[in-house]
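What follows is a set of notes on a single structure, which appears directly below.
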Amino acid sequence: MSLPSVTKPGPRKTRAKIPYSCTICRKRKIKCDKQKPHCGHCVSNQVTHLCHYETQPWTKIPPGAQLLNKSEKSELERLKLTVLSLEATIREKDSTILKLESLGPLITPASSTDGGVVQSLSAKIHFDADLKYTTVKDSKILQFGPTSYMFLLLNNSASVVVFNDYLQSQASKFNNTKISLENQLSLPDNELEIPLLNSIRKQGIQVEPPILPSLPIIKLLVYRFFEVCYPFVPFVDEKNFMNEISAIFRSKSSLDASDIRDKRFFVAILLIILRFAFLTVPFQSYYDKALFGQEYDMVHQIISSGTNIPSTFVEYAKQLLITPEIIQRLTFRNFQALLLLLMYRIYCPEDDDSKVDIPVLLSTTIEMSRNLSLNIDPTNLDQITYSNDDIQLWRKTWAILLHFDSSRAFSLGMSLLVQDEEIKTKSPFDELQSDIFWLSNSDYKLRHSFETMMECTNILRKTGILLRNRERGVETFEIDKLILDFHRILVAIQSYSQKQRISQGAIRDPHLAQNYMLQMSVLENLFVLNFMVYITIDHDLRFKYLCQAVELGFIIFKESFTFAENPGSIISPSFENLIAPKMWTPVRTVIVALSGVLNQALKGELSIIHVCKNFNKSEENKVVNWFIVKGDEARTLEKILQKFEELYQLTKKLSVKFFHCYRLCYTLKIVLDYFRKNYRPAFEDTDLDNLSLAPRTLNRMENYWSDEKQAHELNYDFEQFLNDLNFDLDPIMNFEI
């Protein structure tokens, strides 16, 4: 009897199937709602640029092939995500290029094959001896370069006329000083306006330690710092810092003398962090009953406890830091503390970048970074191995320092402190040591911020290097390349913000707030470059740069005006105190420069209407209609001056809250006083005389700004100003006015 034949089974067939979940949800092993084009989870976490659905079946496993082990699977997933991220970047770049191509005259420096700019339509900029690079201000001799707002003022004769009385009063004040140069150098410390250098000379701590709030409030504010402020100062590790707090307060509820002696740099960081977080507490929204949920509970708890974190916390931290020990016992923690102090000085509402502290702090931190070898990438250091977190911290810290060196060099028109040959550190998030490095949603946003910031840094450095060699002469096509680069970044910033914002309301994400601040800086850089070329060339191209500068100036003015009128329409109250200084600085530069343009227009030397007709078509309606620029030239100028007057009235209210706004208010007063005196007809038939401060504003403030003598006292001390008006010396507390 024959047995039935048995067929040997062949290799099992694998089914070609398409995964239903998106790549992100599948990687994280969470349920995906499979919505198209992006699932709800990725939309809510703002990672839609990585949300992707497979369109091709999974690859069949050939017979006899080995399955991937765990590490190989992880590597494959990492590569897939990298490809998706690169594809998203390419799509974003393509979108940016399309937007740039669609723009009109605003960014069309004559184009050709050489980097997008035609050299044949170029003119030479001669930075000759006739241009002014020094002035006297606040009883000091100041030096500046071509990208400084003082250069734009002093090298435009029409602007000099507007500010002539102020400039003369500053020079007279300096010349009437009866102290010789040698005697000035031998003055006692308290008569030298160099607070940081004074504290370096002092030994020991000269101020009583501030009284800290209760431990629950400390933790509340520290958590607030890492939630809201971290994108602005992303170089303090939350986990490590919270562990240090727990170790110090394990058996006590307050700091003692031993902590200040043995842990002075940690204490300094804590004090600055508490002040940083306190700046973001929305007190006004609480009193306006506009807060709900956890944020309401947080503010209520702070107010109920009577907590106040004044600027004296930072002053005490400064005295803890600026001692010989910070150099003699140099560590990354010492450097980190000093950098945090520098960042606070840049963002704080009670100070501005005209103070001596910031350049001294910047130069000190740069020198410390060299001694710590932060300018060399940690992956290139022999016999030393760092974790990914340490590499990230290293690179982020250096990138931030490099950016502020570049920004300050541009704003002053001076040389860079860090030279190109020194820079050997890679950008954050590049080529990390481990093959597997998963970024959180927050870190993905931070990565974008750093990439944009580093692009800005590179262009600022190119500008500084180009203008440093200005004796040879600079061609306008070289400036055009920089302008085009800045415009590419501006379009990318705006595109990213629109993509990430869920609604068109106020910005509530700290990463987007930082993005917005960078946008204002780029706009100011573009304005400065265009206006610099306008006042330094004698060529037919001159009018093109004037039109571009005026349009950018109007955009900056409109944005700052909206912020002054209702900051809540642009930014969440949590970020108002951090963002505000970056709003007032650009518009002050614009007002100084455009005052000369308006002066020329009032004299009939140029037509504002003709200038506006050359605006970029996509922006023309929004900007021109807001200024109501229509009809005849005289009516046009009346409306623009009325906007200046309205901004002046708004800055009066805010002059007790922000030092930058206090300076801006002075600048507007000088400009408006000149035009009232010399062009009174331009102010007739307008509502200027009916504009006044809000009813809650006290008359003493109105009287102060009405004093004609005050227009020439720009070195008037901000704290003295607040004291004379009986306002709180901590300006952020002056919200109920």
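Assorted remarks:
- Oblate is the label for the stretch 550-681, because a/c, from the alpha-carbon gyration tensor with a ≥ b ≥ c as root eigenvalues, is 1.5 or above and a/b does not exceed b/c.
- Pairwise label distance in nanometres, GLU451 with ASP540, each label 7 Å out on the Cα-Cβ vector: 4.2
- The listed peptides 235-243, 537-545, 410-418, 251-259, ordered by packing as a protection proxy, come out as 410-418, 537-545, 235-243, 251-259 (highest mean of other Cβ atoms within 10 Å first).
- ILE125 long-range amide H proximity, modeled H, under 5 Å: VAL474, GLU475, THR476
- Packing, as the average of other Cβ atoms within 10 Å across residues, places the peptides 275-283, 331-339 in the order 275-283, 331-339, highest first.
- Pairs exceeding a 24 Å alpha-carbon distance, out of LYS239/LYS263; LYS613/LYS652; LYS603/LYS639; LYS318/LYS652: LYS613/LYS652; LYS318/LYS652.
- Under the convention that each Lys and Arg Cβ holds +1 and each Asp and Glu Cβ holds -1, the size of the dipole of the stretch 207-372 around its Cα centre is about 440 debye.
- The residue list SER304, ALA290, SER246 was ranked by how far each Cα lies along the charge dipole of the stretch 207-372 toward its positive end, using unit charges on Cβ atoms, and SER246 comes out on top.
- Taking the 1.4 Å solvent-accessible surface of the stretch 125-172 as the whole, the part contributed by carbon and sulfur is 53%.
- For the stretch 658-666, putting each phi into the Karplus relation 6.51 cos²θ - 1.76 cosθ + 1.60 with θ = phi - 60° gives couplings of 9, 5, 4, 6, 4, 5, 4, 4, 4 Hz, in residue order, rounded to whole numbers and with x for Gly and Pro.
- In Å², nearest 10: area of LYS499 left accessible to a 1.4 Å probe: 100
- Around ILE366: net Lys/Arg minus Asp/Glu count, Cβ-Cβ under 13 Å: -1
- Neighbour net charge for THR651 - beta-carbon separation under 12 angstrom, K R +1, D E -1: +3
- Think of the stretch 207-372 as a dipole: +1 on every Lys or Arg Cβ, -1 on every Asp or Glu Cβ, centred on the Cα centre; then among PRO359, LEU215, ILE346, LEU215 lies furthest on the positive end.
- When the alpha carbon gyration tensor of the stretch 472-576 is reduced to an equivalent ellipsoid, the three semi-axes, largest first, read 31, 15, 10 Å.
- Proximity of backbone amide H atoms, modeled 1.01 Å from N, is registered between ILE507 and ILE571, SER572 at under 5 Å, excluding neighbours fewer than 5 places apart on the same chain.
- Furthest towards positive pole of dipole, THR379, MET368, THR331, structure part the stretch 330-431, Cβ charges: THR331
- Residues whose amide H comes within less than 5 Å of that of SER148, counting only those at least five positions distant or on another chain, are GLY413 (H built at 1.01 Å from N in the peptide plane).
- Using only alpha-carbon positions in the stretch 207-372, the gyration tensor eigenvalues give semi-axes of 27, 19, 14 Å once each is multiplied by 5 and square-rooted (largest first).
- Unit charges on C-beta of K, R, D, E only; dipole of the stretch 455-576, Debye: 280
- Euclidean distance between Cα centres, the stretch 298-349 to the stretch 637-681, Å: 34
- Solvent-accessible surface ranking, highest first, for LYS582, LYS27 at 1.4 angstrom: LYS27, LYS582
The values are calculated or read from the model by the stated rules, or taken from the named source; none is laboratory data. Source: prediction; values computed, not measured. All Cβ positions, even for glycine, are placed from backbone atoms using ideal geometry, and neighbour counts span all protein chains on display. Accessible surface areas use protein heavy atoms only, side chains included; no ligands, DNA or RNA. Shrake-Rupley method; radii C 1.70, N 1.55, O 1.52, S 1.80 Å.
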